[in-house]
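These notes are about the structure you will find just below.
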Amino acid sequence: MPKPTATITAKAKDKTVERIKRFLELGDYDVKVTIDPNATDTVVTVGTTTLKNPTPAQLAATMDLLLPKKSSTYDLVVIGGGPAGLAAAINARSLYDLTTLIIEQYAPGGTAATAVNQIDNYLGFDEGIDAGDLCHRAVLQAKKFEAQWLPGYGVTAFKPSDDPKTKKHEITATNSDAPHDAVTVSASLVLLATGVIPRKLTQPTAAAFEDEGIYYYALPADAEGVTAKDTIVVIGGGDSAGRAALMFSGKGAKVVMLIRDTLTKTMLKVISDKIKADKNITVVENTEATEFDAIKTPPPDNPNAKLTVVAKAKSYAVTAVYALISADPQTKWIEDAGITVVRKNETDKYGLAATGLDIFLDAIKKGTFKYEEHKKDLENVTDMATNKPGVFAAGDVRYRAERRIATAAGEGTEAALAMHNYLKANPKVLDAEAGRAAPYYYLA
Ligand SMILES: Cc1cc2nc3c(=O)[nH]c(=O)nc-3n(C[C@H](O)[C@H](O)[C@H](O)COP(=O)(O)OP(=O)(O)OC[C@H]3O[C@@H](n4cnc5c(N)ncnc54)[C@H](O)[C@@H]3O)c2cc1C
């Protein structure tokens with residue numbers, strides 16, 4: 001079936017246009033961008049609706065998602081709309097009838113929809129499936145079961161309740177376009193499913209070009225319009241960097257890969273072999289990009305612009321830079337809320353949410369864990385539960401996650417089941433404050 005179309009008309013191809021375009025692409029729209037130097041507003045047409053300078057919430061409304069109703073109390077609030085959050089929401093709605101809100105700081109679908117192209121190993125899709133399509137289907141499935149969405153809002157504060165039988169958890173989310181427009185909702189259960197966020201380049205000159213020449217995702221749409229005249233720098237030595245390099249070289253572009261180690265150190269052999277055989281790709285190993293410089297507006301909107309990358313004292317004039325250099329959890333607010341996290345390396349700024357026995361990992365490592373003290377906790381510990389009652393974690397944000405789409409979806413499903421079991425053991429949790437009668441949580 002052909003995709004529905006959406007159009008964006010704007011003065012320049014800036015960060016706002018890039019965000020709107022990606023938002024709509026995640027909603028599975030075929031997006032056409034027209035640059036009109038005389039345009040005063042960014043005008044978006046989705047189906048029969050035309051919006052001027054739309055916010056993510058307005059865009060979501062046109063995409064026919066279910067936005068939050070007036071009631072700001074839910075059985076379950078899922079934070080993060082990627083595969084883990086979506087799987088949890090679909091199961092919580094379809095099997096357990098929990099009223100569910102998904103808060104997503106960007107667009108429904110998560111990193112999976114932005115980061116990966118074709119997935120060949122997902123159960124049931126013998127011909128492979130595009131990650132965006134998979135996520136789009138999951139968004140539709142969540143909608144079918146009436147999960148509600150708060151897109152474009154990032155959770156900035158979280159007050160977990162120490163006793164959900166008497167007091168609900170409180171979650172505050174903020175819209176970056178309107179920082180004063182904060183939304184606070186309460187819930188009996190919370191799922192942390194915030195994944196990890198692509199790591200950004202730290203060179204001071206890189207920030208000015210974010211979404212305007214330097215990108216942290218490589219979508220199939222990015223290859224549209226790329227020709228043999230283009231030179232593209234891909235930074236990173238992982239599978240996604242390799243895939244991006246092949247995608248652009250497939251369009252005839254000259255690709256320069258800047259890799260900190262060697263091509264074969266972290267990349268799947270099947271991808272590095274293709275890169276070695278590709279005449280359009282130059283691999284520069286043991287290097288980092290040291291500098292970026294250019295006129296502010298990159299091509300194609302400014303034909304005179306030259307984004308220049310310097311590495312190993314050599315300068316490359318490029319069309320665009322794709323930096324695909326790992327990802328980090330953004331868990332400050334989770335840690336501030338008293339959720340136990342584990343750092344993979346001592347130098348890591350943020351940790352990953354600890355669940356199950358990992359809650360005690362630090363104490364075990366330090367030799368301060370006292371069995372007698374935690375005997376009761378150990379009996380109740382479940383794989384997806386954090387140290388706060390009624391707060392669960394699933395997907396990439398969870399320590400020990402495998403960081404795959406299939407495992408994230410599996411963890412979300414498992415978390416929904418863990419929540420169901422938690423409610424069976426603590427039926428009064430749903431009655432807290434709002435007095436919602438527990439309906440049929442005793443389903444097998
Ligand atoms: C470049 C790249 C390539 C990859 N390639 C593959 C592949 O080929 N195959 C594969 O199986 N996996 C691949 N992965 C991994 C896969 O994408 C992840 O494992 C999967 O998306 C994890 O799902 P998740 O739901 O845990 O998190 P995500 O998909 O990251 O979703 C988390 C969501 O939470 C949102 N969020 C974060 N913080 C907040 C907040 N404070 N408030 C509200 N929302 C928030 C984010 O915007 C995001 O949408 C790749 C990942 C990357 C980065």
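The values are calculated or read from the model by the stated rules, or taken from the named source; none is laboratory data. On a predicted model such as this, the values are computed, not experimentally measured, just so you know. In this analysis, Cβ positions are derived from the backbone assuming ideal geometry, glycine residues included, and neighbour counts consider all displayed protein chains.
Structure values in brief
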| item | result |
| --- | --- |
| Which listed residue is at pLDDT 85 or above, buried (at least 23 other Cβ atoms within 10 Å of the Cβ) and among the β-branched types (V, I, T), from V44, V31 | V44 |
| Failed condition for T184, given (1) closer than 23 Å to K349 by Cβ; (2) surrounded by fewer than 16 Cβ atoms within 10 Å (Cβ to Cβ) | (1) |
| Test: residue in the range 231-252 that is hydrophobic (A, V, I, L, M, F, W, C), farther than 30 Å from A337 by Cα and part of a loop (DSSP other than H, G, I, E, B) | no |
| Matching entry among K349, K344, K332, K375 (being away from the ligand (no atom under 16 Å from the Cβ) and more than 30 Å from A228 (Cα to Cα)) | K375 |
| Verdict on T413 being touching a residue at least 40 places away in the same chain (Cβ under 8 Å), of a type in the set (S, T, Y), out of contact with any Ser or Thr (no Cβ under 9 Å at 6 or more places or on another chain) and in a helix (DSSP H, G or I) | yes |
| Residue check for I214: within 23 Å of the chain's Cα centre (by Cα) and either crowded, with 22+ Cβ neighbours inside 10 Å or within 15 Å of the ligand (Cβ to nearest atom) (or both) | yes |
| Verdict on G124 being closer than 23 Å to I197 by Cα and either free of Cβ contacts under 8 Å to residues at least 24 places away in the same chain or not in a loop (DSSP other than H, G, I, E, B) (or both) | no |
| Flag if Y96 is hydroxyl-bearing (S, T, Y), within 15 Å of the ligand (Cβ to nearest atom) and in the same structural domain as A193 (by TED's automatic domain parsing) | no |
| When residues of the range 127-138 are limited to those that are part of a helix (DSSP H, G or I) and small (G, A, S), the one nearest to the ligand (Cβ to nearest atom) | A131 |
| Residue check for G132: closer than 15 Å to L192 by Cα, assigned by TED's automatic domain parsing to the domain that holds A157 and under 13 Å from the mean Cα position of the chain (by Cα) | no |
| Subset tally (residues that are farther than 21 Å from A311 by Cα and small (G, A, S)) for the range 241-257 | 2 |
| One residue from G225, G237 being outside the structural domain of A393 (by TED's automatic domain parsing), closer than 27 Å to K344 by Cα and touching a residue at least 12 places away in the same chain (Cβ under 8 Å) | G237 |
